[in-house]
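Q: Dumping the structure here so I can ask a few things about it.
The values are calculated or read from the model by the stated rules, or taken from the named source; none is laboratory data. Not measured: the values here are computed from a predicted model. Here the Cβ is made from the backbone with ideal geometry for all residues, glycine too, and neighbour counts use every protein chain on show.
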Amino acid sequence: MHVIIGRTAVDVADGATILDAVRAGGTDLPTLCHDDRLSPRGSCRTCLVRAAGRIVAACTTPATDGMHVDLDDPATRQAARGAVELIVSELPERALDIPAERSELVRACAHFSITTSGFAGAKHDRGTDHSHPYVKLDRDLCIACGRCVAMCAEVQGTFALELTGRGFDTVVAPGDGGPWVSSPCVGCGGCVDSCPTGALSEPGLLDLRPTTATTTTTCGYCGVGCTLDVHVRDDTIAAITPTHGAPVNRGHACIKGRFAHSFARAADRLTTPLLRRDGQLVEATWQEALTTVARRLAAIRDRYGPDSIAMISSARATNEENYLAQKFIRTAIGTNNIDNCSRLCHAPSAAGLTASLGLAGGTNPLDDLDHADCVLLAGANPTEAHPVVGARIKQRVLAGARLVVVDPRRTELAALADIHLQNQPGSNVAVFNGLAHQLIDEDLVAHDFLEQRTTGFEELAALVRDYGPDAVAGIAEVPSAELIAAARLFGRSQRPIVIYGLGVTEHAHGTDGVRTLTNLAILRGSVGTPGCCGILPLRGQNNVQGASDMGALPDVLPGYQPISDAGIRDRFATAWGHPIPGRLGLRIPQMFDAAIAGDVRALYVIGEDIAQSDPTSGHVRDALRACDLVVCHDLFLSRTAEHADIVLPAASFLEKDGTFVNFDRRFQRVRPALTPPGRADTDFGILLGLADALSADLGCRTPAEALAECAALTPVFAGISHHRLDAEGPLHWPCRAPGQPGEAVLHLDRFATPDGRAALAALPYLPPGEQPDAEFPYLLVTGRRLVHYNTGSMTRRTPNTELRPAETLELHPADAARLGVREGTEVTVTSRWGRAALTAHPSRDIAPGQAFAAFHFPGATVNDLTSPHTDAITGCPEYKVTAVRIAPAQRD
């Protein structure tokens, strides 16, 4: 429709407000109560305009076709100016000293040429609350606009804030009435980002000096892939803010991506190469370090063969770095012994989704969650591990979508769910088969879709006859009535979505879990059809999808092109000028076994602290000690680096150029906001230098060249380049040509399986690798905490440690009473594989007979406990089921 702004006609979509039309015409109005991410309020009256003969608030008034809007009406402008002057009259003078780029109020005053208020009266004198390490409240600058409260409720879904007091005394406060740090605030920073006056700020912006540069990049924490603006002052990060309008996070962030950035300039960053001499790591030059690595790798290769060397690439590194790593090991060394940490988390997703649907990625973009009327969330705790997705799920639930959660632990979303199937750890396949049984039994399946686009229905129907509600209740310990109700909610919905995480994959039968969960989406026809919402696997680390996409795996080249295909090997060999070995490489667990057996002599580790993060960590340390050579790249002297012969100082994601692929298959740009400290270098630069030292030409001298070469060799990435991403923004793969937009929704025409049909999987429940017994009566489940990430190497070097300084062991209060322990009691946890010391935290979120802990703290050696049991298909470890005993710690 057409709206006339002054004398200019602008086109806006139906449903647009006058504010939308004014902005479309190239003019911006002050809007102290308005934020595009929130429902409009119209309370501050600073965006007044005359439209259709009336004075109205532009932010709340719908535009109509042919409407005339006057921005220069004197009476209207005076009314709006008076509203701003009245607001200013209550504030201290420092309110107008804040730089304009950080204060909408200052910009509004500039718009109306206000330098002081014509109103006289009392000024606020309410003090500050600086108890939280990141969110700083200056109550005297609060204008009670309500934006922070709305951000917390509408976007984050935490409801931690409220406006208290009346009239002149109205001010924002934590909902529990105590100091901010003890409130339910999750530190997402949405309130800070939305505040128009600086009443809510953060430490880096309390300094009023201007920032000198802003760089837009992609977050380097979890796999959601939030777009962030990094604001730098004096080569140090002053603040990070979520990019407004970004497709994944939509101007939202979490406490890690938003605030946990001070690790980049931590005092113990590695800044120079280290070589081990006489048992000690000592500083060395790059030339000395790379020459030593090259010489020793060549000697081991020449004496024991190329398969005596193995590389673990990094899900924290860029796509281009992972591409270069797998090219290096296959050409400069001559082995396929390369893997990445997807082996330890989502390898069953790649295997299961490929077997069922044909491609190793989620089927739909996150935006399709907006249309879902039922969410089936299995084995995932996104409000802590993927907070932006967790907030998006809460938004859907608050908007009326039904929620079914399958999880042994009572998470925040489980507490919000219509049905929480609190199943026994290791029983996922039984639960998913039980849901399939009920869908088929009650005829809640998409018959036409099943007939035309799938195979295996009869086999599945025959198998799940044995998984009736009572049978599943006996295996999984979930009430049969709740299983039936969950199936009906999912089966009767029109647009269901399946979202899952490591609680599905990190099992001895994790691939079976992915396939039986995928069965549910196939039965409902909610994959590969227009308007479907599909399946979304929540990837753990920032680039775990991309590391595998780039071929940092022992059995495939980039784009999951199989090593076993001689034609594919020949195509890469021609492009690379070097033959590609045909024998499959070792997976990560096999690398450790081979090292202990003496078959792997050198282990090269990029950006992973395998000595802390991998299961049965004592076995990993034995493998490191058995190697003749251990090389690692890292930001800090990790537990793995302590075992290394050569440690190379690496750049963080804030110091790199390249791309990441997020959990819904989006290629997104990563741009350097800082220079690496000291002599630290990017993984890309290190690999190039090492190749040069080996007289091996990797060809790609820049990240852009590496992605271009990968695209030329990989049909599903053929249309993706740095230039295009810079010009157009994120692109989903498959993107098969430069002129194509990328396939956000997969399988609309046919599935990528050999016959073009989705394959239902008739797979029986098999028990987990471990069961509780008299010696080890409890089941330990591992996971993540909101404020920390992975091994904690970054977050533990930030004020996040003020919010969680140590790890605890969650156990049911009845078990705590039986053991004679209470909150804070030191306990010893023992498994068949190791021992860890923790402090007890009784919680009803844990079922009796179970326990929960995370592995973010080196002192809490949780992964010493986890077992060597792995998924038979992929080798993914069974982190989620470990039999343990718990006892009060014995004091000397």
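Q: Any chance you could count how many residues in segment 359-401 are over 24 Å from Q668 (Cβ atoms) and surrounded by fewer than 21 Cβ atoms within 10 Å (Cβ to Cβ)?
A: 5
Q: (1) under 43 Å from the mean Cα position of the chain (by Cα); (2) without any contact (Cβ under 8 Å) to a residue 24 or more places away in the chain: which one isn't true of A16, the others all being true?
A: Condition (2) is where A16 drops out.
Q: Next up: Could you please find all residues in segment 195-230 being surrounded by fewer than 21 Cβ atoms within 10 Å (Cβ to Cβ) and in a strand (DSSP E or B)?
A: A213, T214, T215, T216, D229
Q: Please specify each residue of segment 721-734 satisfying the condition of being without any contact (Cβ under 8 Å) to a residue 60 or more places away in the chain and either under 19 Å from G362 (Cα atoms) or in contact with a Lys or Arg (Cβ under 9 Å, 6 or more places away or on another chain) (or both). It would help to see each step written out before you state the result.
A: Step one: list which residues in segment 721-734 are without any contact (Cβ under 8 Å) to a residue 60 or more places away in the chain, which gives 721, 723-724, 726-728.
The answer is D726, and nothing else.
Q: With segment 372-481 as the region, which strands (runs of 3 or more DSSP E) entirely inside it contain at least 2 residues that are at positive phi and among the β-branched types (V, I, T)?
A: Working: elements: 374-378, 402-406, 419-421.
Passing ranges: none, list empty.
Q: Would a scan of segment 439-455 turn up a residue that is touching a Ser or Thr at 6+ places or on another chain (Cβ under 9 Å) and either crowded, with 24+ Cβ neighbours inside 10 Å or under 28 Å from V781 (Cβ atoms) (or both)?
A: no
Q: List, please: which pairs have Cβ atoms under 9 Å, are six or more places apart or on different chains, and start with a residue in segment 662-673 that is without any contact (Cβ under 8 Å) to a residue 60 or more places away in the chain and buried (at least 24 other Cβ atoms within 10 Å of the Cβ) and end with one that is of a type outside the set (G, A, S) and outside any loop (DSSP other than H, G, I, E, B)?
A: Once the first residue is without any contact (Cβ under 8 Å) to a residue 60 or more places away in the chain and buried (at least 24 other Cβ atoms within 10 Å of the Cβ) and sits in segment 662-673, no partner that is of a type outside the set (G, A, S) and outside any loop (DSSP other than H, G, I, E, B) comes close enough.
Q: E90 - would you say it is in contact (Cβ under 8 Å) with a residue 24 or more places away in the chain and surrounded by fewer than 17 Cβ atoms within 10 Å (Cβ to Cβ)?
A: no
Q: Moving to a separate point now. Taking strands (runs of 3 or more DSSP E) that do not extend beyond segment 540-657, which have at least 1 residues that are touching a residue at least 40 places away in the same chain (Cβ under 8 Å) and either aromatic (F, W, Y) or in the same structural domain as T830 (by TED's automatic domain parsing) (or both)?
A: On the way: elements: 602-606, 629-634, 646-649.
Qualifying strands (runs of 3 or more DSSP E): 602-606.
Q: I'd like the full set of residues that are more than 24 Å from the chain's Cα centre (by Cα) and free of Cβ contacts under 8 Å to residues at least 60 places away in the same chain, limited to segment 212-235.
A: T212, R233, D234
Q: Among the residues of segment 455-477, which ones are farther than 19 Å from L763 by Cβ and in contact (Cβ under 8 Å) with a residue 40 or more places away in the chain?
A: Hit for segment 455-477 is E477, nothing else.
Q: Something else now. Only one of E770, E823, E810 is part of a strand (DSSP E or B) and either of a type in the set (F, W, Y) or not assigned by TED's automatic domain parsing to the domain that holds M591 (or both). Can you tell me which? I'd like the intermediate steps shown before the answer.
A: On the way: E770 fails: part of a strand (DSSP E or B); E823 fails: part of a strand (DSSP E or B).
That would be E810, the only listed residue that is part of a strand (DSSP E or B) and either of a type in the set (F, W, Y) or not assigned by TED's automatic domain parsing to the domain that holds M591 (or both).
Q: Out of all the residues in segment 722-762, which are among the charged types (D, E, K, R), under 29 Å from the mean Cα position of the chain (by Cα) and assigned to a loop (DSSP other than H, G, I, E, B)?
A: Passing the criteria: R736, E743.
Q: Further question: Residues that are farther than 25 Å from E655 by Cα and either of a type outside the set (G, A, S) or buried (at least 24 other Cβ atoms within 10 Å of the Cβ) (or both): does segment 253-276 have at least one?
A: yes
Q: In addition: Applying the selection to segment 109-148, what residues are free of Cβ contacts under 8 Å to residues at least 24 places away in the same chain and either crowded, with 18+ Cβ neighbours inside 10 Å or part of a helix (DSSP H, G or I) (or both)?
A: A110
Q: Restricting to segment 590-631, count the residues that are of a type in the set (D, E, K, R) and surrounded by 19 or more Cβ atoms within 10 Å (Cβ to Cβ).
A: First, the residues of segment 590-631 that are of a type in the set (D, E, K, R): 593, 599, 601, 608-609, 614, 621-622, 625, 628.
Remaining after also requiring surrounded by 19 or more Cβ atoms within 10 Å (Cβ to Cβ): 601, 608-609, 614, 621.
So the count comes out to 5.
Q: Go through segment 504-532 and give me each residue that's polar (S, T, N, Q) and either within 15 Å of P767 (Cα to Cα) or buried (at least 24 other Cβ atoms within 10 Å of the Cβ) (or both).
A: T505, T511, T516, T518, N519, S526
Q: Inspect all residues belonging to segment 174-187 and state whether any of them is closer than 29 Å to T798 by Cα, part of a loop (DSSP other than H, G, I, E, B) and among the aliphatic types (A, V, I, L, M). Walk me through how you get there before you give the answer.
A: Initially, segment 174-187 is screened for residues closer than 29 Å to T798 by Cα, giving 174-187.
Narrowing further to those that are part of a loop (DSSP other than H, G, I, E, B): 175-179, 183-187.
Next, from what is left, pick out any that are among the aliphatic types (A, V, I, L, M): 186.
Looking through segment 174-187, at least one residue is closer than 29 Å to T798 by Cα, part of a loop (DSSP other than H, G, I, E, B) and among the aliphatic types (A, V, I, L, M).
Q: Here is a further query. I need the full set of residues from segment 351-370 which are out of contact with any Pro (no Cβ under 9 Å at 6 or more places or on another chain) and aliphatic (A, V, I, L, M), in order please.
A: Answer for segment 351-370, where residues must be out of contact with any Pro (no Cβ under 9 Å at 6 or more places or on another chain) and aliphatic (A, V, I, L, M): A351, A355, L357, A360, L369.
Q: Within segment 159-166, is even one residue in the same structural domain as T241 (by TED's automatic domain parsing) and either assigned to a helix (DSSP H, G or I) or of a type in the set (F, W, Y) (or both)?
A: So far as segment 159-166 goes, yes, one or more of its residues are in the same structural domain as T241 (by TED's automatic domain parsing) and either assigned to a helix (DSSP H, G or I) or of a type in the set (F, W, Y) (or both).
Q: Which of (1) under 29 Å from R265 (Cβ atoms); (2) part of a loop (DSSP other than H, G, I, E, B) does D664 not meet, given it meets every other one?
A: Tallying (1) under 29 Å from R265 (Cβ atoms); (2) part of a loop (DSSP other than H, G, I, E, B), D664 fails exactly one: (1).
Q: Among the residues in segment 837-848, are any touching a Ser or Thr at 6+ places or on another chain (Cβ under 6 Å), surrounded by fewer than 21 Cβ atoms within 10 Å (Cβ to Cβ) and polar (S, T, N, Q)?
A: Looking for residues that are touching a Ser or Thr at 6+ places or on another chain (Cβ under 6 Å), surrounded by fewer than 21 Cβ atoms within 10 Å (Cβ to Cβ) and polar (S, T, N, Q), one finds at least one in segment 837-848, hence yes.
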